[in-house]
1. What pairs can you find where one residue is in region 81-94 and over 11 Å from Lys115 (Cα atoms), the other is surrounded by fewer than 19 Cβ atoms within 10 Å (Cβ to Cβ) and of a type outside the set (Gly, Ala, Ser), and their Cβ atoms are less than 7 Å apart, with a gap of 6+ or different chains?
2. Going through region 257-281 one residue at a time, which ones are surrounded by 14 or more Cβ atoms within 10 Å (Cβ to Cβ) and assigned to a loop (DSSP other than H, G, I, E, B)?
3. Taking the conditions exactly as written (of a type in the set (A, V, I, L, M, F, W, C) and outside any helix (DSSP H, G or I)), does Ile168 satisfy them or not?
4. Checking Leu32 against (1) over 26 Å from Arg277 (Cβ atoms); (2) in a strand (DSSP E or B), only one condition comes out false. Which one?
5. Filter region 178-188 for residues that are in contact with a Leu (Cβ under 8 Å, 6 or more places away or on another chain) and either in a helix (DSSP H, G or I) or modelled with pLDDT of 95 or more (or both) and give the result.
6. Would you be able to say whether some residue in region 284-291 is surrounded by 18 or more Cβ atoms within 10 Å (Cβ to Cβ) and either touching a strand residue (DSSP E or B) at 6+ places or on another chain (Cβ under 7 Å) or not basic (Lys, Arg) (or both)?
7. Name the residues in region 347-370 that are free of Cβ contacts under 8 Å to residues at least 40 places away in the same chain, surrounded by fewer than 24 Cβ atoms within 10 Å (Cβ to Cβ) and either in contact with a His (Cβ under 7 Å, 6 or more places away or on another chain) or under 19 Å from Gly304 (Cβ atoms) (or both), would you?
8. Six or more apart or on different chains, Cβ under 7 Å: which pairs go from a residue in region 312-323 that's more than 16 Å from Asp361 (Cβ to Cβ) and in contact (Cβ under 8 Å) with a residue 60 or more places away in the chain to one that's of a type in the set (Ser, Thr, Tyr) and buried (at least 19 other Cβ atoms within 10 Å of the Cβ)? Could you list them?
Amino acid sequence: MKKIAILGSTGSIGTQTLEIVRTNKDIEVTALAAGRNIDLLERQIREFRPKLAAVWSEDLAAELKTRVRDLPVEVLSGMDGLLAVAAEKDSEILVTAIVGMIGIRPTIEAIRAGKDIALANKETLVTAGHIIMPLAEQYHVSILPVDSEHSAIFQSLQGGQEKALHKILLTASGGPFRGKKREELEHIQVEDALKHPNWAMGRKITIDSSTMVNKGLEVIEAKWLFGVTVDQIQVVVQPQSIIHSMVEYEDGAVIAQLGTPDMKLPIQYALYYPERRYLPGERLDFGTLTQITFEKPDMETFYGLKLAIEAGRTGGSLPTVFNAANEKAVALFLDRKIRYLQIPEIIQACMENHRNITDPDVEEILKAEQETYEFIKNRW
């Protein structure tokens, strides 16, 4: 019986992880953490019977505790709750499906407790990869990617010679505005940006996909996950979302992972690695598949991607500023307080304003995040 804990159990990745638990019958959920959705969290507690649950708000935690008082589950709140879920003594794998830099401390706590990490919280590596990867090596734990693209790269490296890796080909769908120029995006509304052509995801990541900022974050994440430079990562637009990413070896061979756009595949692969399990769902039909096409990304229109590459190449605290500025800008756009095209404008202004710290510790990372939020608050 495999035992797991989940940070972000009520979100898209968290709920799909629990679908896999439901289907396979040989995974025990020992701990769950969520943000504010205690209605769904209560249902999850009643179905999966974890020993520990956590929500961010102290008031919501108190309400949840009352609701589940008939069950033998401990309910905690705040960062203490997240840290307790991350290090829950019986779990073997922590699924980090929480959104944002709030995932850094729990991930570090889980690594120090000897837990393998099924990583869906890209902000952790984007901002603190220089801390996380050496720590995972020190504690002999695995960082197993859950992002579709990074899972595809990880799968494509299996059986290969990692030292012979020449280049990573990171694929992107191009989002709902692929092919459009900047002037065509002037009047984009929230509803337009939330219509992804291929993937069903949370609101924030869907906006990030539309601006291609998400692909930029994935470039920085891939740098840390696979020990390459930013210049060894090439973004390729593949609109059908059939090739999820590729690796090119020194001899010119290219290995790709293909499949339907279903996040349960990378989640299940991470949970059972190196074993492969049957996964119900749609399969690629090569009898009806007529074409797979490729394009170069338009980094002038979608210059958030260019800014991410600049941040990843520079390193230090600049990726934190890039990430924090994007988080706040997307939140403002979703609240209809800024225009769509202001998202990359805000990111660029924050990066230009920042004085980079070469090798930031966790406190300096979190301080850079807060300073970025303050800069935005005072200007927009």
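1. Here the result reads Leu83/Arg105; Leu83/Glu109, each pair linking region 81-94 to a residue that is surrounded by fewer than 19 Cβ atoms within 10 Å (Cβ to Cβ) and of a type outside the set (Gly, Ala, Ser).
2. Gly259, Thr260, Pro261, Asp262, Met263, Tyr273, Leu279
3. Numbers: of a type in the set (A, V, I, L, M, F, W, C): yes; outside any helix (DSSP H, G or I): yes.
For Ile168, the condition - of a type in the set (A, V, I, L, M, F, W, C) and outside any helix (DSSP H, G or I) - is met.
4. (1)
5. First pass over region 178-188, keeping only residues in contact with a Leu (Cβ under 8 Å, 6 or more places away or on another chain): 182, 185-186, 188.
Of everything in region 178-188, those that are in contact with a Leu (Cβ under 8 Å, 6 or more places away or on another chain) and either in a helix (DSSP H, G or I) or modelled with pLDDT of 95 or more (or both) turn out to be Arg182, Leu185.
6. No, that holds for no residue.
7. Within region 347-370, Ala349, Glu352, Asn353, His354 meet the criteria.
8. Partner pairs satisfying both residue conditions: Asn323/Thr127.
The values are calculated or read from the model by the stated rules, or taken from the named source; none is laboratory data. Note that the coordinates shown come from a computational prediction; the quantities given were computed from them, not determined experimentally. Ideal geometry is used to build each Cβ from the backbone, glycine not excepted, and the neighbour counts take in all protein chains shown.
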